[in-house]
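Everything below concerns the one structure shown next.
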Amino acid sequence: MRALVKSKAEPGLWMEDVPVPEIAREDVLVRVLRTGICGTDHHIYAWDRWADEHVAVGLVVGHEFVGRVDRCGEDVTEFQPGDLVSGEGHVVCGRCRNCKAGRRVECARSQSVGVSRPGAFADYIAMPASNLWHHPPSIDLDVAAIFDPFGNAVHVATAFRLLGEDVLITGAGPIGLMAALVARHAGARFVVASDVSDYRRDLAGRLGLTRVVDPATTTLWDVMAELQMTEGFDVGFEMSGNPNALRQMLASMRHGGKVALLGLPEEPFEIDWSQLVMNMTTVRGIYGRQIMETWYEMSVLVGSGLDISPVITHRFAADEFDEAFRVVGSARCGKVILDWSEA
Ligand code: NAD
Ligand code: ZN
């Protein structure tokens with residue numbers, strides 16, 4: 001089969017002919033149809049310091065996918081050949097305290113598809129059946145391919161109550177934009193997104209948010225004044241990993257405001273802890289998706305009319321991966337999809 005392999009410890013990925021994966025009794029073999037490119041995949045493509053430290057040469061990369069069940073291991077009962085599925089990219093240990101308590105999202109020893117175990121940028125992927133999610137046959141394949149990052153957005157957007165609340169989102173990348181759409185769908189009053197990139201602000205501007213802000217020219221206080229908000233934002237989603245974005249967010253929350261952090265900063269940095277204490281701000285780190293509750297919520301949201309497809313801006317055949325990764329690296333894009341359906 002075709003697979004995108006990190007075959008050398010240098011920038012790039014290589015399309016190689018590799019064996020179709022073997023499946024264990026509890027596994028399912030999936031014929032991959034579409035995949036989404038994540039920032040993590042781009043780190044591995046570019047071979048930065050993080051990738052060099054975390055990824056073994058020879059790995060098949062990628063974790064955002066949709067495909068059809070090809071074959072099931074003997075112990076699998078809930079999937080049949082032909083079923084349309086995506087996969088939860090964190091494969092948990094099943095044995096740690098959190099796993100045993102049913103809090104699989106908090107597993108201390110989870111493996112990551114396409115980072116620490118073979119990935120989805122291939123014609124086939126083997127996954128444990130317990131990590132797969134059924135899609136209805138009517139779902140748009142590109143939307144189904146990005147359930148993994150959509151799940152990050154839904155996990156953030158379900159961390160705190162949003163009905164009638166004023167929501168600030170720093171970072172209008174694909175995940176911030178999807179979270180903004182969920183916040184609107186969930187009945188937030190104002191949904192304000194900020195981004196330093198003109199491309200990302202333009203994309204956000206087409207999603208019907210209350211305001212899209214350039215932090216270089218407009219302060220959040222200006223926006224609040226314009227919207228006649230007097231006490232600050234109720235809920236914040238930090239989706240950039242940028243220190244200034246988090247500092248500005250913490251300074252713009254109402255007393256008792258709630259902040260969900262998804263963005264991953266590259267380095268440790270300082271924040272004003274006394275401000276956080278005196279404003280009684282709740283800050284919660286969000287990692288991955290609730291397994292599998294977030295998947296249930298995503299299916300319900302899409303089924304009840306939430307359309308995340310405007311976040312998808314580019315589509316390429318799998319063999320055009322170099323151009324697709326160039327577009328992702330430019331950051332002048334939303335989600336970028338690779339099509340694996342033509343072998
Ligand atoms: P992305 O890099 O495409 O988007 C981040 C956006 O933040 C960019 O558009 C960038 O222009 C913007 N930004 C940078 N500085 C800013 C500032 N000062 N103010 C406002 N915006 C600013 O990333 P993404 O794929 O949308 O993911 C969002 C973040 O979440 C990333 O940091 C990513 O590493 C992280 N992430 C975390 C998890 C998790 O499980 N916690 C999972 C996936 C991604
Ligand atoms: Zn575990």
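The values are calculated or read from the model by the stated rules, or taken from the named source; none is laboratory data. Everything numeric here is computed off the predicted structure, so don't read it as measured data. Quick reminder, even Gly has a Cβ in these numbers, built from the backbone with ideal geometry, and neighbours come from all protein chains shown. To get the accessible areas, we keep the full protein, side chains included, count just its heavy atoms, and leave off ligands, DNA and RNA. Shrake-Rupley method; radii C 1.70, N 1.55, O 1.52, S 1.80 Å.
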In region 265-343, which GluC sites (Glu not before Pro) fall in coil by DSSP and have 16 or fewer other Cβ atoms within 10 Å?
Glu266, Glu270, Glu342
What are the residues whose amide H is under 5 Å from the amide H of Asp83, where those residues sit 5 or more places off or on another chain and H is modelled from the backbone?
Val69
How long is the gain from Ala251 to Asp307 if the chain were fully straight, where each residue apart is worth 0.36 nm and the alpha carbon distance is subtracted?
17.0 nm
Under the rule that an exposed site lies in a DSSP loop and has at most 16 other Cβ atoms within 10 Å, name the longest stretch of the chain with no chymotrypsin sites (Phe, Trp or Tyr not before Pro) of that kind, not counting the sites themselves.
1-268
Quick check on the chain: of the DSSP beta bridges with both residues there, what percent are antiparallel, nearest 5%?
55 percent
Pop the C-beta distance of Val300 and Gln228 into the FRET formula with R0 = 35 Å and round what comes out to the nearest 0.05.
0.55
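Counting only protein heavy atoms and a 1.4 Å probe, tell me what percentage of the chain's accessible area is made up of carbon and sulfur. Before the final figure, lay out each step's value.
On the way: 7730 of 15460 Å².
Within the chain, the accessible surface is 50 percent carbon and sulfur.
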Simple SL model, points at 7 angstrom along Cα→Cβ for Arg49 and Ala331; separation in nm is 1.8 nm
Can you give me the three principal axis dimensions of region 210-298 from its C-alpha atoms, in Å, biggest first?
40, 30, 26
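For the chain, what D do you get in µm² per second when you plug the Kirkwood radius from alpha-carbon pairs into Stokes-Einstein at 10 °C and 1.306 mPa s?
It diffuses with D of about 77 µm²/s by this estimate.
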Can you tell which of Val300, Gly257, Phe121 lies farthest toward the positive end of the dipole of the chain, using +1 and -1 charges on the Cβ of basic and acidic side chains (Lys, Arg; Asp, Glu)?
Gly257
Compute the separation of the alpha-carbon centres of region 295-343 and region 235-264 and state it in Å as a whole number.
26 Å
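Once fully extended, how much extra length lies between Thr77 and Asp198, figured as 0.36 nm per residue of separation less the alpha-carbon to alpha-carbon distance?
Numbers: separation 121, 0.36 × 121 = 43.56 nm, distance 4.88 nm.
Taking Thr77 through Asp198 to full extension adds about 38.7 nm, to one decimal.
Residue separation times 0.36 nm, minus the C-alpha to C-alpha distance between Asp140 and Tyr287: what's the value?
Details: separation 147, 0.36 × 147 = 52.92 nm, distance 2.58 nm.
Taking 0.36 nm per residue and subtracting the Cα distance, the gain is 50.3 nm.
Hey, with R₀ at 41 Å, roughly what FRET efficiency would Trp221 and Lys8 work out to, going by the Cβ-Cβ distance, to 0.05? Kindly include the intermediate steps, with their values, before the conclusion.
Working: r = 50 Å, r/R0 = 1.21.
The value I calculate is 0.25.
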How many nm is it between the label spots at Gln275 and Glu323, if each spot is 7 Å from the Cα in line with the beta carbon?
4.5 nm
Enter the accessible area per residue of the chain (Å², integer; probe 1.4 Å; all protein chains in place).
45 Å²
Rule-of-thumb Rg ratio for region 1-90 [Cα; 2.2 N^0.38 Å; N residues]
1.21
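Once you order the gyration tensor axes a ≥ b ≥ c over the Cα atoms, which shape class does region 162-234 get: rounded for a/c under 1.5, otherwise prolate or oblate by comparing a/b with b/c?
Numbers: a/c = 2.07, a/b = 1.09, b/c = 1.90.
In terms of gyration-tensor shape, oblate.
Would you mind calculating the relative contact order of region 200-343 from Cα pairs under 8 angstrom and at least 6 residues apart, reporting the percent as a whole number? Spell out each step's value before the answer.
Working: 152 pairs, mean separation 25.1, N = 144.
Relative contact order comes out at 17 percent.
Net charge around Val235, counting only other residues with Cβ within less than 15 Å of its Cβ (Lys, Arg = +1; Asp, Glu = -1)?
Details: positive: Arg161, Arg184, Arg189, Arg254, Lys258, Arg284; negative: Glu165, Asp166, Glu231, Asp234, Glu238.
Once all neighbours under 15 Å are counted, the net charge is +1.
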So which GluC sites (Glu not before Pro) in region 39-78 end up in coil per DSSP with only 11 or fewer other C-beta atoms within 10 Å?
Glu74, Glu78
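Determine the sum of side-chain charges near Met292: Lys and Arg each +1, Asp and Glu each -1, restricted to other residues whose C-beta is under 13 angstrom from that of Met292.
Numbers: positive: Arg103, Arg104, Arg289; negative: Glu78, Glu88, Asp148, Glu293, Glu297.
Neighbour charge sum, excluding Met292 itself: -2.
What number results when the radius of gyration of region 153-285, computed over Cα atoms, is divided by 2.2 N^0.38 Å? List each step's numbers first, then the result.
Working: Rg = 13.2 Å, N = 133, 2.2 N^0.38 = 14.1 Å.
This ratio for region 153-285 stands at 0.94.
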Considering only C-alpha atoms, what is the centroid distance from region 100-137 to region 149-176, in Å?
23 Å
